[in-house]
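Q: Please see the structure below; I have some questions.
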Amino acid sequence: MADATVRLGIHELIAAYCDCIDDDRLEEWPAFFVEDCRYLITDRDSHREGLRHGVIYCASRGMLADRVTSTRRVLMYEPHRYRHIVGPITVGKIEGGVAEARSNFIAARIMHSGETSLFATGRYLDRIDVSSEPYRFIERVVVLDSQKIDTLLAIPL
């Protein structure tokens, strides 16, 4: 497995992930993860302190699917969507079919009225299964720069 090929595959995974969320194809979102995965949205201070709790925490693909179902059928929030800008993506250690990656992101929120505002900034800390295609997230930790979490955090970042 050539490093350049793996790096390109990771870039494509992250781009497809953001497109899925930004295009409101949330039902496809869990497929970006391995079955026994971890997805966490937390803030910078909690992450620095090593606290493993978060605003959103899912410990399996099934929990991700439940999150989508609750977003679609249970949660009440004003309709909106995101537009992600991600970069640069840094790929670190690649070992045993697992790659570590880190990237910064900005997510703008577009309300149903068309009003657009900065919603969140932070970084993604990823562990990715690169042992076979398609690549899948083993772990995606979303570390928000701010402790102030908007109440509209219904859609995954």
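Q: Per residue, what volume in Å³ does the convex hull of the Cα atoms of the chain enclose?
A: For the chain, the hull spanned by Cα atoms encloses 108 Å³ per residue.
Q: Using only Cα atoms, locate the centre of segment 63-92 and the centre of segment 3-51, then give the distance between them in Å, rounded to an integer.
A: First find each Cα centre; the distance between them is then 10 Å.
Q: Tilt of helix 3-22 relative to the longest C-alpha principal axis of the chain, in degrees (0 to 90, nearest 10)?
A: 10 degrees
Q: Mind telling me which of GLY97, GLY87, GLY50 comes out most flexible in a GNM of the chain, alpha-carbon contacts under 10 Å?
A: GLY50
Q: Under 5 Å between amide hydrogens, which residues at least 5 positions from ASN104 or on another chain qualify, with H placed 1.01 Å from N in the peptide plane?
A: Counting only residues 5 or more places away or on other chains, the set is GLY87, TYR124.
Q: What number, in percent, do you get for the relative contact order of segment 3-143 if the mean sequence gap of Cα pairs under 8 Å and at least 6 apart is divided by its residue count?
A: This gives 25 percent for segment 3-143.
Q: Through the Karplus equation 6.51 cos²θ - 1.76 cosθ + 1.60, θ set to phi - 60°, convert the phi angles of segment 37-52 into ³J(HN,Hα) values in whole Hz; use x for Gly and Pro.
A: Coupling constants for segment 37-52: 10, 9, 10, 9, 10, 9, 9, 4, 5, 4, 5, 4, 7, x, 6, 9 Hz.
Q: With axes computed from alpha carbons, what is the tilt in degrees of helix 61-73 against the longest principal axis of the chain, rounded to the nearest 10 within 0 to 90?
A: Computed tilt is about 20 degrees.
Q: Name the most mobile residue of GLU139, GLU78, GLU27, meaning the one with the largest mean-square fluctuation, in a Gaussian network model of the chain with Cα contacts below 10 Å.
A: GLU78
Q: Another question about this same structure. How about segment 1-65: which trypsin sites (Lys or Arg not before Pro) there are in a DSSP loop, with at most 14 other Cβ atoms within 10 Å of their Cβ?
A: ARG25, ARG52
Q: If you don't mind, another one. Scan around PHE119 for amide H atoms under 5 Å from its own, H built in the peptide plane at 1.01 Å from N, and keep only partners 5 or more places away or cross-chain.
A: Answer set, sorted by chain and number: ALA107, ALA108, ARG109.
Q: Can you work out the Karplus-derived ³J(HN,Hα) for every residue in segment 133-145? Use 6.51 cos²θ - 1.76 cosθ + 1.60 with θ = phi - 60°, whole Hz, and x for glycine or proline.
A: 9, x, 5, 9, 6, 8, 8, 10, 9, 9, 9, 7, 5
Q: Which FRET efficiency, nearest 0.05, do SER117 and GLU95 yield, Cβ-Cβ r, R0 30 Å?
A: In this case the efficiency is close to 0.15.
Q: Then there is this: If R₀ is 35 angstrom, what is the calculated FRET efficiency for the pair MET63 and ALA4, using the beta carbon separation as r and rounding to 0.05?
A: In this case the efficiency is close to 0.55.
Q: Now, a different point. Helix-only mean residue ellipticity at 222 nm, the chain, DSSP H runs n ≥ 4 weighted -39,500 (n - 2.57), per residue, nearest 500. What is it?
A: After summing the helix terms and dividing by residue count, I get -7500 deg cm²/dmol.
Q: Would you mind ranking ILE94, ILE85, ILE155 so that the residue whose beta carbon has the fewest other beta carbons within 10 Å leads the list?
A: Least to most surrounded, the residues fall as ILE85, ILE94, ILE155.
Q: Would you mind computing, in nm to one decimal, how far apart the modelled labels at ASN104 and ALA31 are, each placed 7 Å from Cα along Cα→Cβ?
A: Going from the ASN104 label point to the ALA31 one covers 3.3 nm.
Q: With a Förster radius of 41 Å, plug the Cβ-Cβ distance of GLU78 and GLU49 into 1/(1 + (r/R0)^6) and report the FRET value to the nearest 0.05.
A: 0.80
Q: Next question, about the same structure. List the residues, sorted by chain then number, that are 5 or more residues from ILE56 or on another chain and whose placed amide H is less than 5 Å from its amide H.
A: ILE41
Q: What are the ³J(HN,Hα) values, in whole Hz, obtained from phi via the Karplus relation 6.51 cos²θ - 1.76 cosθ + 1.60 with θ = phi - 60°, for each residue of segment 99-112 in sequence order, with x given for Gly and Pro?
A: 10, 9, 9, 9, 8, 8, 9, 10, 10, 8, 10, 10, 7, 4
All of the numbers you see were taken from the coordinates with simple rules; none came from a lab. All values derive from a computational prediction rather than experimental measurement. Don't worry about glycine lacking a Cβ; one is built from the backbone with ideal geometry, like all the others, and counts go over all protein chains shown.
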